[in-house]
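No lab work stands behind these numbers, since they all come straight from the coordinates. Being a predicted model, the structure only gives us computed values, none of them experimental. Positions of Cβ are backbone-derived with ideal geometry, glycine not excepted, and every protein chain shown enters the neighbour counts.
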Amino acid sequence: MLGAEFLELLSREAAAVEFEGPLIAARAAGASPEHLAELEDAKVLALRVRGLLERRRQREMELSGLYETAGDLAGLRDLDAVLRAIVHRARRLLSTDIAYMTLNDDEHGDTYMRVTDGSISAKFQVLRLPMGTGLGGLVAQSGTPYATANYMTDMRFQHKGDIDSGVSEEGLVAILGVPLRLGSRVIGVLYAANRSARPFAREEVALMVSLGAHASVAIDTARLLTETRAALDELSAANGVIRAHSASVERAAAAHDRMTGLVLRGGGVEDVVAAVTEVLGGDLVVLDPDGRAVAAVGGLGELELPRVAEAVSASRLEGRAVRRDGLWVAAVVAGADDLGALVLRPERELVDADQQILERAALVTALLTLFRRASSEAEGRVRGELLDDLLAEPVRDPAALRERGRRLGVDLDAPHVVVAVRAETAPGQPRGRALSWAGTYASARTGLAAVRDGWVVLLLPGTEPGPAAQAVVRELSRVLARPVTAGGGGSAGGPGGLGAAYQEAVRCASALISLGRTGEGAGSAELGFVGLLLGAVSERDGGDVQQFVRHTIGAIVDYDTRRGTTLLATLEAYFGSGGSLARAAERLHVHVNTVTQRLERVGNLLGADWQGPARSLEIQLALRLHRLRNL
C-alpha cells in the first residue's frame, strides 16, 4: 500500500531524515518515475503531518508548563523556588541553553540578576544592567519584548564593555527577553538564550510573555504575603508584649509580696536567691564586696571579676540593675556601704518589671545583710567575751563558763585547739576585718574568736593545732590579700587548759616570725623544742635569730656556698651520731677519713674549741635554727 512506510514512521515518531528511506529504497529497486513521484508526494504529506503533531506536542508541553506554573502560584510558599521553576520551564520549553531572570532595582536605577538556569559563568551571574543598556536593559526600560539571533552583531542594542564581556564569557549568541509587568510598571525581565545563532518564533515569544506574567504574579503575591505576614507578626508581637507585660506585672507583685514576707519573718539571703530564681528563672549568685559567692542557685561558672566589678560600679552609680554580656548585675548597697552584688543570667529577656524584681531583691539583700551583720556583731561580742574569760588565768567559775559555752553551741569539755594570729598584718590593715572573718570562721565550726594582747585568737574544735593554724593562714591570707602568720596550741579539754594552749600558740607564732617564716602556720609538733625555746626568747626580748646563726656557723655556710662543699651536712651527721666518726661516715655514705678531713676544715673555720661542751651546744642549736629557717 502506497505510503504505508510513512505511516509506520509517523507511528513511531521517527526523525525527519528517516522519511527519505522509502524513496531511497524505491530508487534502488528501479521504481518508475511515476511511482517515485507518488512517494515524494506521500513523503511531503507525512512530513506535514509530523510537523503538525510536533507543534501540537510542543503546545501541549507549553500548556502543561503554564498549568504547573499556575499550580506553583496557587501553593506559593517560597518565592525563590517558584521563580527558579519558571526559569527552568522557560529553558526546557524553548529548548535553549540557558534561561534567566533579572529584577529592576529602583534605588540604583538598574536591573540585576535574580535567577539563572544553565549558567556556567560566575561573572555573568552577578551582572547588573543599566536601564536602556544591552537587550535586557532596553526591555526593562521600554517594557517591550526583544529578540536577537546574534546579540553581538545586533546594533539595535547599546553595547557596554562589562555587559558584553559577561555575555561573551557565558558564550551567549541568541537572546530573547520579555518584560515582567505589574499593571503598567515593569519590574524585571525574563530571558531565554542560546549559545548558537537561532531565531525565536512568535509562538516562543508569546510563551515567554505568559511565563513572565506568571512570574510577575508570583512576585506580587509574595510581596502581598510578606506584607500580610509582617502585619500579622506585628499584631502577634504586640499581643505578646501586652501578655508579657501583664504577666511581668503579676510576677513583680508576687515577688515583692514574697520578699516582704521574707524580711518580716527573718529570712536569709539564700531565701531571696530562691525566690528570685523561682520567679525569673535562670542562674543567680550573690557576691560579697570581695567578689566571693555567698549564695547561689544554678551554675554561673567562673565570673570575670574585673568585668563584674565594672558592672557593679555602674549599677551603684545609676541606681539600677545593668546588663553586661548576657548577665544582669544589681549592686547591693546601704547608703555609702558596698555590700556586694546580685548577678543573674536569666532564661529569657527581662522586661522592666522583671528588672525591678531584681532591683527589689538587691534592696532586700542589703536589709538582710545589715540585719545579719548587726546580729553577728552582737553574737561576736558575746563569743569574744567568753573566749577572753577562758584565756584568763586562773580560770574563774568553770561551771559558769561551760553553761555560757553551751548556750552558744560550744562544748568546752571537748578537745579544742587555740590558733593565734597577728591582728595587724600590715601598716594600715584594719584589724576589724581580720576579727570579723575570724568570728565567722570560728562560728561556722562551733568555735570562738576574740582579740587578745594584739593577737587574733581562735578557739576551734580539734586535736591537731598545727594543721588548724595552717588552714587559718590559707583562708585569712586570701581574705586580707596579704600573708599572715599563725601558731597553734593545744589540744585542751575543759576550760582550765585553754590559757596554756593560748600561750603555746603565741610562742609558736613568735618562733615562726623570728625564723623569718612569715606567712606560715605551725604548732609545737612542727617546730620542736627549738622552736618553742626560740618563741619564748623572742616573746621576751625579741631575739635576733639570724644574727645568732650568722655569728655561730656563718663561716661554714659561706664556705659551703662558695666551694659547693657539704660541711654543714657533715656537722649535722657528726652531732646526730653522738660524735662517732664511723656512724657519721655511714650516714653520709663516705669513708671515715673523708669525715675526719671535713671536720678538720670545720675546726679551721670555727676555731679549735668548736667541740667543747658550751660551743658545741651553740653550734647544734644554730644548725637546727638554720634548718628551720630554710624548711
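Once you divide the Cα radius of gyration of the stretch 76-227 by 2.2 N^0.38 Å, the number left is 0.95. Rounded to a whole number, what is D in µm²/s for the stretch 392-528 from Stokes-Einstein with the Kirkwood radius over alpha-carbon pairs (10 °C, 1.306 mPa s)? After rounding, the answer is 108 µm²/s. The GluC sites (Glu not before Pro) of the stretch 261-352 that meet both conditions, a loop assignment by DSSP and at most 15 other Cβ atoms within 10 Å of the site Cβ, are 302, 304, 347, 349.
Here the extension length gained between residue 7 and residue 388 equals 124.4 nm, from 0.36 nm per residue of separation less the Cα-Cα distance. Scanning residues 5 or more positions from residue 105 or on other chains, those with amide H under 5 Å from its amide H are 110, 111, 112, with H placed 1.01 Å from N in the peptide plane. Using C-alpha pairs below 8 Å separated by at least 6 residues, the relative contact order for the stretch 392-528 is 28 percent.
With an a/c value under 1.5 for the gyration tensor axes a ≥ b ≥ c computed over the alpha-carbon atoms, the stretch 266-375 is described as rounded.
Provide the packing ranking of 435-443, 509-517, 413-421, i.e. peptides ordered by the mean count of other C-beta atoms within 10 Å per residue, highest first.
413-421, 509-517, 435-443
Spin-label model, residue 239/residue 604: points 7 Å from Cα along the beta carbon direction are separated by 10.4 nm. Extending 7 Å from the Cα toward the beta-carbon at both residue 594 and residue 95 defines two label points whose distance is 10.7 nm. Ordering 126, 201, 183 by the projection of their Cα atoms onto the charge dipole of the stretch 76-227, which places +1 on the Cβ of Lys and Arg and -1 on the Cβ of Asp and Glu, puts 201 at the extreme positive end. Rounded to the nearest whole Hz, the Karplus-based 3J(HN,Hα) values (6.51 cos²θ - 1.76 cosθ + 1.60, θ = phi - 60°) of the stretch 498-515 follow the sequence 6, x, 5, 5, 5, 4, 5, 5, 5, 4, 5, 5, 5, 5, 4, 5, 5, 7, with x at glycine and proline.
If R0 is 56 Å, the Cβ-Cβ spacing of residue 81 and residue 320 corresponds to a FRET efficiency of close to 0.70.
Distance from the alpha carbon centroid of the stretch 275-314 to that of the stretch 30-44 works out to 102 angstrom. Note that the stretch 206-221 has calculated 3J(HN,Hα) couplings of 4, 4, 5, 4, 5, 5, x, 5, 4, 4, 4, 4, 4, 5, 5, 4 Hz, one per residue in order, obtained from phi through the Karplus relation 6.51 cos²θ - 1.76 cosθ + 1.60 (θ = phi - 60°); glycine and proline are x. Report note on the peptides 575-586, 154-165: ranked by the mean count of other C-beta atoms within 10 Å, highest first, their order is 575-586, 154-165. Using the Cβ-Cβ distance between residue 206 and residue 348 with R0 set to 60 Å, the FRET efficiency works out to roughly 0.55. With a Förster radius of 30 Å applied to the beta-carbon distance between residue 337 and residue 395, the computed FRET efficiency rounds to 0.15. The phi torsions of the stretch 408-416, fed into the Karplus equation with coefficients 6.51, -1.76 and 1.60 and a -60° offset, translate into couplings of 9, x, 10, 8, 6, 7, 7, x, 9 Hz, rounded to whole numbers, with Gly and Pro shown as x. Can you list the residues, at least 5 places off or on another chain, whose amide H is less than 5 Å from the amide H of residue 520, using H built in the peptide plane? HN-HN under 5 Å from residue 520: 486.
The radius of gyration of the Cα set in the stretch 546-629, together with its Dmax, comes out at 11.9, 34 angstrom.
Taking the centroid of alpha carbons for each part, the stretch 156-185 and the stretch 104-146 are 6 Å apart. For the stretch 437-462 versus the stretch 466-518, the inter-centroid distance based on Cα atoms is 11 Å.
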